[in-house]
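A.B. asks: This is the structure I have questions about; it appears just below.
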């Protein structure tokens with residue numbers, strides 16, 4: 001993602017998390033990968049002002065405690081969190097899940113490819129997009145109008 005901010009992965013599956021980590025390492029993405037196992041854990045992380053804020057959130061939908069949809073409903077109504085870009089990264093290709101995710105403000109929706117090489121290519125696309133994309137500067141105390149390069 002080519003900046004110093006971490007990537008926040010919200011996924012309870014250990015194998016999927018390892019695959020994301022391997023793919024990002026293979027692509028030489030140097031951003032730290034911070035993993036949280038569910039939406040509740042992610043919200044706690046994001047609300048702690050001592051934590052570095054992510055450049056992008058990779059969000060699974062099916063998780064215990066607070067799932068991806070519940071996380072989005074909470075985060076996208078929170079003034080401090082609503083501008084963080086969220087990409088759903090899930091096994092679900094159900095049309096209603098895609099529609100509901102975009103209705104809740106996601107920036108993208110990727111169905112996790114089963115094939116590792118295809119997964120790496122999906123992560124390459126995410127990396128290229130967020131490397132080129134301009135985002136509002138999200139500060140610990142709020143949001144400034146100044147743009148940043150992701």
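The values are calculated or read from the model by the stated rules, or taken from the named source; none is laboratory data. Predicted, not measured: the structure shown is a model, and the values here were computed from it. Positions of Cβ are generated from backbone atoms using ideal geometry, with glycine treated the same way; all protein chains shown enter the neighbour counts.
Let's see how each residue does on (1) surrounded by 22 or more Cβ atoms within 10 Å (Cβ to Cβ); (2) within 19 Å of residue 129 (Cβ to Cβ):
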residue: 9; (1), (2): yes, yes
residue: 37; (1), (2): no, no
residue: 61; (1), (2): yes, no
residue: 68; (1), (2): yes, no
residue: 83; (1), (2): no, yes
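A.B. asks: Mind listing whichever residues of the range 11-35 are assigned to a helix (DSSP H, G or I) and either surrounded by fewer than 16 Cβ atoms within 10 Å (Cβ to Cβ) or in contact with a helix residue (DSSP H, G or I) (Cβ under 9 Å, 6 or more places away or on another chain) (or both)?
C.D. replies: Across the range 11-35, the qualifying residues are 14, 15, 18, 19, 20, 21, 22, 23, 24, 25, 26.
A.B. asks: Could you run through the range 90-107 and say how many residues are closer than 17 Å to residue 16 by Cβ and modelled with pLDDT under 95?
C.D. replies: 4
A.B. asks: Turning to a different aspect of this structure: Would the range 129-137 turn up any residue that is under 19 Å from residue 42 (Cβ atoms), modelled with pLDDT under 95 and either within 15 Å of the chain's Cα centre (by Cα) or not in a loop (DSSP other than H, G, I, E, B) (or both)?
C.D. replies: Checked against the condition, which is being under 19 Å from residue 42 (Cβ atoms), modelled with pLDDT under 95 and either within 15 Å of the chain's Cα centre (by Cα) or not in a loop (DSSP other than H, G, I, E, B) (or both), the range 129-137 yields at least one hit.
A.B. asks: Next up: Is it the case that residue 63 is in a loop (DSSP other than H, G, I, E, B), farther than 18 Å from residue 3 by Cα and either more than 12 Å from the chain's Cα centre (by Cα) or modelled with pLDDT under 95 (or both)?
C.D. replies: Details: in a loop (DSSP other than H, G, I, E, B): yes; farther than 18 Å from residue 3 by Cα: yes; either more than 12 Å from the chain's Cα centre (by Cα) or modelled with pLDDT under 95 (or both): yes.
Criteria met by residue 63.
A.B. asks: Filter the range 116-131 for residues that are crowded, with 17+ Cβ neighbours inside 10 Å and over 16 Å from residue 22 (Cβ atoms) and give the result.
C.D. replies: Scanning the range 116-131 gives a single hit, 130.
A.B. asks: What are the residue pairs meeting all of these: first residue in the range 100-116, first residue free of Cβ contacts under 8 Å to residues at least 12 places away in the same chain, second residue part of a helix (DSSP H, G or I), Cβ atoms under 7 Å, and 6 or more apart or on different chains?
C.D. replies: Listed pairs, sorted by first residue: 113/119; 113/122.
A.B. asks: Given (1) touching a residue at least 40 places away in the same chain (Cβ under 8 Å); (2) more than 19 Å from residue 132 (Cα to Cα); (3) touching a strand residue (DSSP E or B) at 6+ places or on another chain (Cβ under 9 Å); (4) not in a strand (DSSP E or B), identify the lone condition not met by residue 44.
C.D. replies: With respect to (1) touching a residue at least 40 places away in the same chain (Cβ under 8 Å); (2) more than 19 Å from residue 132 (Cα to Cα); (3) touching a strand residue (DSSP E or B) at 6+ places or on another chain (Cβ under 9 Å); (4) not in a strand (DSSP E or B), residue 44 is out only on (1).
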